[in-house]
Structure formats: C-alpha cells, structure tokens
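Chemist: Take this structure first; my questions come after.
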C-alpha cells in the first residue's frame, strides 16, 4: 500500500439541529473539508460515509447515492459503511484502504447521523439495534444498562470510584467548553455528575453522551498528491479494526473490550509505535466508564488504573496523555455515524496546531479509538505529521 | 493493486425462509463458500457483508459484529456496506479493494437480506427507503411505480412491447427452473405474465422480482495465494462503481441508467475488454424493463434494441450473450443485500463449468451488474478464468 495523507478536515456544529436536514448536514461538513483542502468537488474520486441508522431514524437507506447526488458529485462512487457507533471509523478505514490500494487518488471520508427527529422512546428503540436485538434488547436490556454492568464490575474488581468516573465527564466538558463545534460548551463539576438524574445505576445523565445531530468529513489523498495541496499533510500511519462479540454476556470479562485491544495492536504494529509514543488521543467515551476502560485497553496505563490516571490529571490537556481534547462524545456530542470521523478531525487539528485554546504542546503522533455498540466492533487509527 | 481471485462460492436457497434466522442465513452461505474453497475460518483475514436494511426488516444494525460473532470468526474485522439493492455488489468491490491493497490476503464477501418477516404493507414501507424518501416515497411513489415510468417511456420512445418485456420473465423462469437454489423453479409463459395481477401499469406481478430471504458468499484471495487452494481461480479483472441521482425525476432521460453506463465503462477499461467479449452476464432484472435497459446500457446491443434482442433469443442460454442464467432476480429471487454476491456466485459457477443443465458453452469472461434503487448506485464486475 502507498502512503495516505489527510489534506482537509471539516465538521458541523454538533447538537439538536432541527433546522438542518440529514442531507444538508453531510454537504455542510464535506464543503468545509474541501475548502480546508483547497480543492473542488470535481477532484474527488470517491466518497465513503459512515452512518448507523438513517433507515430507522429518518426512514432513508441508500445514503451513498443521496449524498453524492445532493453534494453534486455524481458520478463519483459513494459507499455507506455501518458498524453502529463505529461507522465513522470504518468509513475512514475504507477510504484509507482505497487510496492506499491506488484505486482512488482523492477520497472524502465522512460520517453523519440525524438522531433528534424522533421522540425519546423511539430513539431508544433504534439504539436497541446496536446491541443484540434477540438476546439483549428484546429482553429489555438498554444500552446504558450494558455499560452500567461494565461500570459495576470495574468498580468491584479494581476499586474504580464514582468520583473518578464523574471526573471523566468534568474533564471532557472542560475541553468541550473550548470547542466551538461542541454540543455542550460549558463546564460541569463532579457534584453535578453525581447528582444528575440516574440512567442505569451507577451511571447518571451526565455520565452519558447525548443524542446528537452532526456531520464530519476528512479529505484523504495519496501522500505524493497531498504535497500539491498542503504543506502540512497528516499521514495515517496505522489502521486497525477488530470484531468482538455482539452481546456483552458472551465475553470472558466485563472490564475489557477485546476489540479495542486487537484493533490497537494492529494499528500500533502498522505504525511502528507504542502506546507511550502517543501525544494525544480521542477515545470512545459514550459513557464515562468507557473512557476509563479505553485508556487501559489502548495501553495508556495498566489494566485497572484507568480511574487513577483520570484522578491524577494525566489525561488533561497538559497531562501525560491528553484524552478527548475535543470534548469527546460526552461534551462534543455523539451523532453515531459522525463520531469516528469527528475524532479524526480533532486529531488533525491538533497535529496541525490549529486547536486554539485546547491545543496540546508538541504533538507529533495522535490516535483515534472508535467503538461500535458495547464492543462488537473496534477501530483504531494512528496519525503523524508528514512535514 | 495486486491481482485478486475468487476461490470459493456459496449460496443458500432463496425464498420465504421462515424457519431460518438472519444470522443463520449468513453463516449457512459462508460455510458453503469456505467448504468450496477448502479452507477453515481461522484463515479468514476479514469479511465484508452487503445488507440493505436489517435495521428496518428485523430491527438489527451492527450486522458486521453479529456475523463475525455468530460465524465464530472473532476477532476478524467485518464491515457492512449498504447501497440499497446494490449492497452485495459493493461488498464484493470493497473485499476486492482490500485484498488488492494487500491489507488482507483472504476475505469473505457476503450478502444477506431477511425480508419476509414483515407484513406486505410494512415491507413496502421499508422499500420506500431505497428511493428518495422526501421527494419520491413521501408523496406516494412506489418502487414498482418508478420502473413503470421507465417502461412506459421505453415503449413510447423505442417501440418496446409488453410481449418483449414478458419474454424477459419467461426466459429467466426457464433458467431458474434449472437452478436448485432459485425461489421459483418453474417455467411460465408470456400469457401468464400479461395476465398476472397488475402492480404498476404496464408492469404485472410476473414482471417483478419477488420479496425474498437469502444469503450468498464468495471467498477472495490474492492471485498468488489462490493457487494454493484451487486449480481454477476466477480472476476479478474489472470493478466499476458509480453514483446516479437518487430520484428518478432528476435524470435527463427515463430510458437509461447513467450509473450503469459509468460503472461498466470503468470495469471494461480496467479489464481491457469490450461488451462483445463478454460470454455470460448476470444483470439487475428487478423488473423486466430493467433487464432490457441493462442490456443496452452495458453495451450488449444498441440503445433501444433491448426488446429486440430478447425477442430474437439472443440472451437465452445458447444465444449470442446469455443473460441471467441463474434465473436472475426475477426467478432466483431478490434478497436485496445478497443479490450482488449471488450474481458473482453464478458467474463463478459458469466460469468453472459447474452450472449443469444451465451451463453456457465456452465461457471465458463473465460480468455482473448490480443496481441500487432506481439507479442511484451502479456496480459492475468482470471475471475471467485464471487457469
């Protein structure tokens, strides 16, 4: 495979975007990415788009055609990929592979979800589709319930505390307050988290990522072509994807997500780096416990010490390994299919030193970590400055 | 890109499979493909699966994890792709690209749809999701209605007759009667087609492909590795994908599907062949008029002569260019996401001269043509014997 670089990034505001349609959301993000790359639509060879469930949220499938059409990019091929909340990560990976293979030179990898057009009960019904419908959702298990089980077990096994989990949300809101695209741009406290309405004990509302609308896009090109467009190409040096069991009850442990471990091992090996080489990471914090487990499964600390490193401020901007500088899913928002791409947008922004008040100093290598469901799919990418 | 070969093919019976679950359908097809290839699951690097709308049909997304899990192939990555009825074609294309890129050596490309678990009205609602929900389905346009518009215009512009359209169904049922996996294994007559209940004038029930359950799978490997497993590898020499407008009313013409034209031009160029070099083709006959238009758009005859070549038996087994020897979507069945892969299974079977009573003599080069919706996505692949 030839080297692949990111030459443009774009993102919409995340939030309850009732005045923006599904199709407009994608075009908005894509146009920003093209503008950032300094190229026109006629230079795009292909598009990949991550979307979990437009079929259920807005009763529209065939998203690829819709997007190529509405963006005025016909006849460029546009392929939708889906892996629940990891759909965006997979879109990035497929775009990376297609440019690496040489079948395309310049490709847009986008992600999009429009979740707020349904009533809450209906949305919860849709979210059951990312767990195992027959063995989990059908018997009444909710998605927060699955992560609550993981949290309880992690607390029991490793002594992780409610306060440590709450601090993940506090940190991510602190970062999100500095991100103009974040759904919630305000700080919160540990007390706020602990006293917010319970969702699935021990998790509260403020332990949970929100329901969001949003779109994000990255422009990928072969490293040779990238030089024509930018002085600061960001090279994708590692890409790993792995499957885990769809159902939580089929796992050997509730406190580890094997798909994260497998995907990161592949990505680290491809990039020739180790966890300690990573300068900044966007990880999948759909719930606060998920970030704690991710920091362990990605190798940023020993197993069981995820609560400790958040307590000791190691994952803050300025800490040893800053995590979710964008605000993460928790504060930036979590439009399912867009999340994996939005993570890439943040890492590219950090590597280009364009993150403003949330900029991490001396960033050379970044990582994104995107999870589908309770861990049925894991995707990890590693990015390095190409200049 | 390195050369990519198909080393195994498997398919389930297509039909109303009320006793088989979604997850079992895929595993059934995949196991047959692995058996055909003579390899075990632990040799699989990755899977791609085409599925249009498990989210709406059975309320299950995250299909990739479900399939890798149920097939016992964890942690192999499994990526779901979707482009309405062209989902299977895209799964084949992404698998082809990933092996060509060298990121995977052996990959399963599968397709699956479980459509018969809903009531007819509900199914029709789901099918509205492959047209443009806001501009077509919302105002009452049905999917057969879109193809009926194309049929009427084709009849008006080129003098295509009802009898010519009916003869497409008659030919495909004649072929399907020879295919043990086909949903309808019985012959019909032109009178049967013309006198069957109307769906959307001029199309009748027997002009239309059925609602089906089914799965299909192909095993792909790099050409070098393929030699270790088979003496008759089938090389994928061409792959083309293109987008068209999602809505029919946005097209310049109702009698051509530009996505077919674009995708086939790319595939022919990659393979270095011309339409007259193709010995056998599986084309997307979701309605009889669709096969007539496809034969024209793929270059098997001049524009407007698609009705004539079916009337003159040129597309029969033994004719100049045998089309849909499997029975096509019309007789074999049309489980949406499985169709593009099932087309590949038939072409591989023909190229390996294993098609029994429906074998075409002297087959060297085959083609598959898969369409999403009314033409929003087109995918064309070309296959050649590698021995």
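Every read-out reported here was derived from the displayed coordinates using simple, explicitly stated rules and does not represent laboratory data. Note that the structure is predicted; figures quoted are calculated from it, not measured. Cβ: placed from backbone, ideal geometry, glycine included. Neighbour counts: every protein chain shown.
Chemist: Treating each Cα of the protein assembly as shown as an identical point scatterer and ignoring solvent, apply the Debye formula and state log10 I(q)/I(0) at q = 0.09, 0.10 Å⁻¹.
Modeler: Taking Cα atoms of the protein assembly as shown as identical point scatterers yields -0.74, -0.91.
Chemist: Given the options B:204, B:377, B:295, which has the most mean-square fluctuation in a GNM of chain B, springs set between C-alpha atoms less than 10 angstrom apart?
Modeler: Highest fluctuation among the options: B:204.
Chemist: Another question, if that's okay. According to the Cα gyration tensor, what semi-axes, each the square root of 5 times an eigenvalue, does the equivalent ellipsoid of the range A:222-376 have, listed from largest to smallest in whole Å?
Modeler: Values: eigenvalues 126, 66, 44 Å².
Each semi-axis is √(5λ); the values are 25, 18, 15 Å.
Chemist: Right, here's the next one. At q = 0.20, 0.21, 0.27 Å⁻¹, what log₁₀ I(q)/I(0) does a Debye calculation on the Cα points of the range B:166-211 give, no solvent, two decimals?
Modeler: Taken in order of the listed q values, log10 I(q)/I(0) reads -0.59, -0.65, -0.96.
Chemist: Mind checking the angle between helix A:22-37 and chain A's longest principal axis? C-alpha axes, 0 to 90 degrees, to the nearest 10.
Modeler: Approximately 60 degrees, to the nearest ten.
Chemist: To the nearest 0.05, how large is the calculated FRET efficiency for residue B:364 and residue B:185 if R₀ is 30 Å and r is the Cβ-Cβ distance? Don't jump to the answer; show the numbers that get you there.
Modeler: Details: r = 28 Å, r/R0 = 0.94.
Rounded to the nearest 0.05, the efficiency is 0.60.
Chemist: Continuing with this model, one more query. Gain in length, residue A:231 to residue A:320, computed as 0.36 nm per residue apart minus the alpha-carbon separation, to one decimal in nm? Don't skip to the end; give the middle numbers.
Modeler: Details: separation 89, 0.36 × 89 = 32.04 nm, distance 2.83 nm.
Stretched fully, the residue A:231-residue A:320 segment lengthens by 29.2 nm.
Chemist: How many nanometers, to one decimal and shortest first, lie between the label point of residue B:274 and those of its other copies, if labels sit 7 Å from Cα toward Cβ?
Modeler: So the distances to the same position in the other copies read 6.2 nm.
Chemist: Between A:280, A:360, A:107, which gets the highest mean-square fluctuation from a Gaussian network model of chain A, Cα cutoff 10 Å?
Modeler: Evaluated over chain A, the most mobile residue of the options is A:360.
Chemist: If only Cα atoms are counted, what is the Rg of the range B:1-154, and what is its Dmax, in Å?
Modeler: 17.3, 52
Chemist: Next question. Using alpha carbons only, what's the Rg to Rh ratio of chain A with Rh from Kirkwood? Could the numbers behind the result be given before it?
Modeler: Numbers: Rg = 18.9 Å, Rh = 20.1 Å.
Answer for chain A: 0.94.
Chemist: Moving on to the next point. What is the ratio of the Cα radius of gyration of the range A:298-375 to 2.2 N^0.38 Å, with N the residue count, to two decimals?
Modeler: Values: Rg = 12.9 Å, N = 78, 2.2 N^0.38 = 11.5 Å.
Scaled against compact globular proteins, the figure is 1.12.
Chemist: What area, in nm² and to one decimal, does the C-alpha convex hull of the range A:306-346 cast on average over all directions? Can you show the working numbers first?
Modeler: Values: hull surface 12.7 nm².
Result: 3.2 nm².
Chemist: Oh, and also: Test of understanding: express the Cα radius of gyration of the range A:172-310 as a ratio to 2.2 N^0.38 Å, with N the residue count. Please report the intermediate quantities before stating the final value.
Modeler: Values: Rg = 17.9 Å, N = 139, 2.2 N^0.38 = 14.3 Å.
Dividing the Cα radius of gyration by 2.2 N^0.38 Å gives 1.25.
Chemist: Using a Förster distance of 60 angstrom, determine the FRET efficiency expected from the C-beta separation of residue B:205 and residue A:312, and round it to 0.05. All intermediate terms of the calculation are to be shown ahead of the outcome.
Modeler: Numbers: r = 69 Å, r/R0 = 1.16.
Step by step, r from the Cβ atoms, then E = 0.30.
Chemist: Once the convex hull of the alpha carbons of the range B:29-92 is built, what does its volume come to per residue, in cubic angstrom? Could the numbers behind the result be given before it?
Modeler: Working: hull volume 5.5 nm³, N = 64.
Considering the Cα atoms of the range B:29-92, their hull volume per residue is 86 Å³.
Chemist: Here's another thing I want to ask about it. Using alpha carbons only, how many angstrom separate the centre of the range B:193-236 from the centre of the range A:85-109?
Modeler: Centre-to-centre (Cα) distance: 27 Å.
Chemist: So if the hydrodynamic radius of the range B:1-67 is defined as the Kirkwood radius over C-alpha pairs, what does Stokes-Einstein give as its diffusion coefficient at 4 °C and 1.567 mPa s, in µm² per second?
Modeler: On the way: Rh = 13.6 Å.
The calculation lands on 95 µm²/s.
Chemist: Per-residue ellipticity at 222 nm for chain A, helices alone: DSSP H runs ≥ 4 residues times -39500 (n - 2.57), over residue total, nearest 500 deg cm²/dmol?
Modeler: Details: 14 runs with 146 residues, N = 387.
-11000 deg cm²/dmol, from helical runs alone.
Chemist: Now, a different point. Can you give the average number of partner chain beta-carbon atoms within 10 Å of each beta-carbon in peptide B:46-53, as a whole number?
Modeler: On the way: counts 3, 1, 2, 1, 0, 1, 3, 6.
Across the residues of B:46-53, the mean count of other-chain Cβ atoms within 10 Å is 2.
Chemist: Distances in nm, one decimal, shortest first, from residue A:189 to the same residue in every other copy, taking the label point 7 angstrom along Cα→Cβ.
Modeler: 8.7
Chemist: While we're looking at this one, here's another question. Rounded to a whole number of µm²/s, how large is the Stokes-Einstein D of the range A:179-258 at 25 °C and 0.890 mPa s, given Rh as the Kirkwood radius over C-alpha pairs? Please list the in-between numbers first.
Modeler: Values: Rh = 17.9 Å.
This corresponds to a translational diffusion coefficient of 137 µm²/s.
Chemist: Nearest 0.05, what FRET efficiency do residue A:357 and residue A:224 give at R0 = 35 Å with Cβ-Cβ as r?
Modeler: Numbers: r = 35 Å, r/R0 = 1.00.
Step by step, r from the Cβ atoms, then E = 0.50.
Chemist: Still on this structure, please answer the following. Over the Cα atoms of the range A:100-171, how large are the radius of gyration and the largest Cα-Cα distance (Dmax), in Å?
Modeler: 18.5, 50
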